[in-house]
Amino acid sequence: MLEPEEYIEQAYFWRTMRERMLDGVPSQEIIAQVKEEILSTTKLPMALDFLLGEIKHKGRLSNAMTMMRHYFTPFQSYIMTKAEDDATRFDGLIAYQVLEFEANYRASDKLTAAGLFLFQFECLARNRLGYEDGMRAMVQDPVYDEMWREWITRLRLQLGAAELSELIYRRSEFAVEEKRRADRDPNWQPPVSIMFGIREGRIAKANIGKDPLYMFAALQRQMNYPAVPKPKAKSEERIIHPVIEQRFQLLEKRLLIVEQEAKGGIDLSQFYVKPSGLNDVDLTK
């Protein structure tokens, strides 16, 4: 784990990348600019030097992030790899926002292994990034201890046979309380490690059989866990600039004239303007 100021500067970097790319600034210029803006007492300037060199030579950030495993986590590198993969539909701007939100959560004093797991898993589920490789990257995160790494590895194999909400409920203190109450044995101890608290277990049980996204939303409301950024729905209404629309109208008129000329001539009478006040006057007299 890095110091909190490292993650704060990381969050600023990813947010700036997204905002300035929307303004049309090239990524190489953004990295060079941010390098001068962030704290020089952090390790991020050295990381940005390496990112800048790689993007100039290979055009990708993910290659450099993968090589800097001591600074960027495997999950961060995986997110950027999927964003730069031409075969996926994962928007790069959403990827920057995911990395920003995750860095902010890592820098906060509310960081827990359960909260980070739910955030990362929802990122995979909502953006369809693939559970197999995505959860392999999650396991290598320094936030998780050996107990969490073992559970995430087993979870990757159990997802097809059981729901995530059910698996979370089984490893919660709420399930332990219900078992003790049902057996009337207050000293009963679970045979497996407990990963989640009472509130997480209660929310997970209430969402068994439902869309897992509902469970994530409930945990964010009730537990104040970080929300995963969602892509904005694109408006179906086409907005055309008035100047461009006027040019299209001129082109349409010119095409009509060309078509009339190709058919045998242009009817110029449509361009005549009658003098005002002479509409009813017989000019032959």
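The values are calculated or read from the model by the stated rules, or taken from the named source; none is laboratory data. As the structure is a computational prediction, the values presented were derived from the model and not from experiment. Note: ideal-geometry Cβ built from the backbone for every residue, glycine included; neighbour counts use all protein chains shown. Side chains included, ligands, DNA and RNA excluded: accessible areas come from the protein's heavy atoms. Shrake-Rupley method; radii C 1.70, N 1.55, O 1.52, S 1.80 Å.
Remarks
- Rounded to the nearest 20 debye, dipole of the chain from Cβ charges on Lys, Arg, Asp, Glu: 620 debye
- Of the DSSP H helices in the chain, those whose Cα atoms cover at least 27 Å axially and whose Kyte score averages -1.0 or more: 242-262
- Only Lys, Arg, Asp and Glu carry charge here, each on its Cβ (+1 for the first two, -1 for the last two); on that basis region 36-147 has a dipole of about 160 debye about its Cα centre.
- On full extension, the segment bounded by Asp183 and Ile208 gains 6.7 nm, given 0.36 nm per residue less the C-alpha separation.
- With every protein chain in place, region 129-177: carbon and sulfur % of accessible area (1.4 Å): 47 percent
- Just so you know, the averaged projected area of the alpha carbon convex hull for region 14-171 sits at 10.2 nm².
- Quarter of Cα convex hull surface for the chain, i.e. mean projection, nm²: 28.7 nm²
- Cβ crowding within 10 Å averaged over residues, with 201-208, 37-44, 62-69 ranked highest first: 201-208, 62-69, 37-44
- Proximal aspartates and glutamates relative to Lys263, as straight alpha-carbon distance under 19 Å, when same-chain residues fewer than 8 apart are discounted: Glu252
- Segments 168-176, 252-260, 2-10, 85-93 sorted - mean Cβ within 10 Å per residue, highest first: 168-176, 2-10, 85-93, 252-260
- Only helices enter the 222 nm calculation for the chain: every DSSP H run of n ≥ 4 contributes -39,500 (n - 2.57), and dividing by all residues gives -19000 deg cm²/dmol, rounded to 500.
- Projecting the Cα positions of Tyr225, Val258, Pro186 onto the charge dipole of region 141-265 (unit charges on Cβ atoms of Lys, Arg, Asp and Glu, taken about the Cα centre) puts Val258 furthest along the positive direction.
- Max mean-square fluctuation residue, GNM over the chain, Cα-Cα springs under 10 Å, options Lys230, Lys263, Lys58: Lys263
- Using C-alpha pairs under 8 Å with a sequence gap of at least 6, the mean separation divided by the residue count of region 55-190 gives a relative contact order of 17 percent.
- Ser108-Ile257 pseudo-label distance in nm [points 7 Å out on the Cα-to-Cβ vector]: 6.4 nm
- Length-normalised contact order for region 1-94 - Cα pairs under 8 Å, 6+ apart - percent: 19 percent
- Shape of region 115-183 from the C-alpha gyration tensor: prolate (a/c of 1.5 or more and a/b above b/c, with a ≥ b ≥ c the square roots of its eigenvalues).
- In terms of packing, defined here as the mean over residues of other Cβ atoms within 10 angstrom, the peptides 186-197, 97-108 line up highest first as 97-108, 186-197.
- Out-of-range pairs (alpha-carbon distance over 27 Å; input Lys56/Lys232; Lys205/Lys230; Lys58/Lys232): Lys56/Lys232; Lys58/Lys232
- Mean Cα-pair separation over length for the chain, i.e. relative contact order, pairs under 8 Å, 6 or more apart, %: 15 percent
- Cα gyration tensor, region 95-144 - rounded (a/c under 1.5), prolate or oblate: oblate
- Share of pairwise Cα separations in region 5-91, more than 18 Å, in percent: 42 percent
- Per residue, the solvent-accessible area of region 1-147 (1.4 Å probe, heavy atoms of protein chains only, all protein chains present) comes to 47 Å².
- C-alpha center-to-center spacing [region 4-20, region 29-51] in angstrom: 10 Å
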